[in-house]
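Visitor: Pasting in a structure now, in structure tokens, and then I'll have a few things to ask.
The values are calculated or read from the model by the stated rules, or taken from the named source; none is laboratory data. Nothing here was measured: the structure is a model prediction, and the numbers come from that model. Virtual Cβ from ideal backbone geometry, glycine too; neighbours counted across all protein chains shown.
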Amino acid sequence: MKVAIPVWQERVSPVFDASRSLRLISLDNEGREFERQMVDVQVVYSSQRVTLLMDLEADVLICGAISAPLASMIASTGIQLIPFVAGEVEAVLAAFRRGELPSPAYMMPGCSGYRRRYRRGCNWK
């Protein structure tokens with residue numbers, strides 16, 4: 001499994017659409033990390049970000065805020081999207097590996113109502 005997390009100063013980048021780097025972590029079937037790389041994602045168009053995630057063979061994208069059109073494009077590829085996540089990348093990755101994402105403990109401020117489907121605020125399901 002490959003997990004992609006946009007990074008800004010060792011934290012989950014606050015806005016995926018504008019992020020500049022992506023950490024790609026490869027996990028084996030037991031959830032152990034066996035490879036890690038940083039990828040430059042300074043591309044202009046949302047469709048290029050989707051293509052890049054597909055080219056990297058990402059299975060999961062854990063990110064902060066994301067625009068609805070980009071979220072829809074990513075979801076249509078079969079990549080699991082876990083948006084509106086905040087925190088240090090290592091802590092977020094550890095929570096994911098433990099099966100604890102999504103979780104209110106890692107939601108962006110103001111996103112406590114994340115279970116509401118595309119209503120006001122930070123919605124993702």
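Visitor: Return the pair list, or none, for Cβ contacts closer than 9 Å from residues in region 89-103 that are β-branched (Val, Ile, Thr) to residues that are in a loop (DSSP other than H, G, I, E, B) and surrounded by 13 or more Cβ atoms within 10 Å (Cβ to Cβ), at least 6 apart or on different chains.
Guide: 92/86; 92/101
Conditions tested, residue by residue: (1) over 24 Å from residue 97 (Cβ atoms); (2) among the β-branched types (Val, Ile, Thr); (3) in contact with a helix residue (DSSP H, G or I) (Cβ under 6 Å, 6 or more places away or on another chain).
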site: 3; (1), (2), (3): no, yes, no
site: 9; (1), (2), (3): no, no, no
site: 16; (1), (2), (3): no, no, no
site: 26; (1), (2), (3): no, no, no
site: 32; (1), (2), (3): no, no, no
site: 35; (1), (2), (3): no, no, no
site: 42; (1), (2), (3): yes, no, no
site: 51; (1), (2), (3): yes, yes, no
site: 54; (1), (2), (3): no, no, no
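Visitor: Does residue 42 meet the test of being touching a Leu at 6+ places or on another chain (Cβ under 6 Å), free of Cβ contacts under 8 Å to residues at least 24 places away in the same chain and either over 18 Å from residue 79 (Cβ atoms) or not small (Gly, Ala, Ser) (or both)? Please lay out each step first, then the result.
Guide: Numbers: touching a Leu at 6+ places or on another chain (Cβ under 6 Å): no; free of Cβ contacts under 8 Å to residues at least 24 places away in the same chain: yes; either over 18 Å from residue 79 (Cβ atoms) or not small (Gly, Ala, Ser) (or both): yes.
No: the conditions fail for residue 42.
Visitor: Right, here's the next one. Just the residues that are under 16 Å from residue 42 (Cβ atoms) and in a strand (DSSP E or B), please, taken from region 2-21.
Guide: Selection gives 4, 6, 7, 8, 15, 21.
Visitor: Being part of a loop (DSSP other than H, G, I, E, B), on the phi > 0 side of the Ramachandran plot and at pLDDT below 95, is that true of even one residue in region 61-75?
Guide: No, the conditions are met nowhere in region 61-75.
Visitor: Another question, then. Of the residues 74, 66, only one is in contact with a helix residue (DSSP H, G or I) (Cβ under 7 Å, 6 or more places away or on another chain), free of Cβ contacts under 8 Å to residues at least 40 places away in the same chain, crowded, with 19+ Cβ neighbours inside 10 Å and closer than 16 Å to residue 18 by Cβ; which? First the steps, then the outcome.
Guide: Numbers: 66 fails: free of Cβ contacts under 8 Å to residues at least 40 places away in the same chain.
None of the others qualify; the one that does is 74.
Visitor: For residue 58, are the conditions met, namely being within 19 Å of residue 31 (Cα to Cα), among the aliphatic types (A, V, I, L, M), in contact (Cβ under 8 Å) with a residue 12 or more places away in the chain and assigned to a helix (DSSP H, G or I)?
Guide: On the way: within 19 Å of residue 31 (Cα to Cα): yes; among the aliphatic types (A, V, I, L, M): yes; in contact (Cβ under 8 Å) with a residue 12 or more places away in the chain: yes; assigned to a helix (DSSP H, G or I): no.
Taking the combined requirement at face value, the residue does not satisfy it.
Visitor: If you don't mind, another one. Please go through (1) surrounded by 12 or more Cβ atoms within 10 Å (Cβ to Cβ); (2) in a strand (DSSP E or B); (3) not hydrophobic (A, V, I, L, M, F, W, C) for residue 35 and return the number of the only condition it doesn't satisfy.
Guide: (1)
Visitor: Still on this structure: So, residue 92, is that one buried (at least 19 other Cβ atoms within 10 Å of the Cβ) and part of a helix (DSSP H, G or I) or not? First the steps, then the outcome.
Guide: Numbers: buried (at least 19 other Cβ atoms within 10 Å of the Cβ): yes; part of a helix (DSSP H, G or I): yes.
So residue 92 fits the description; yes.
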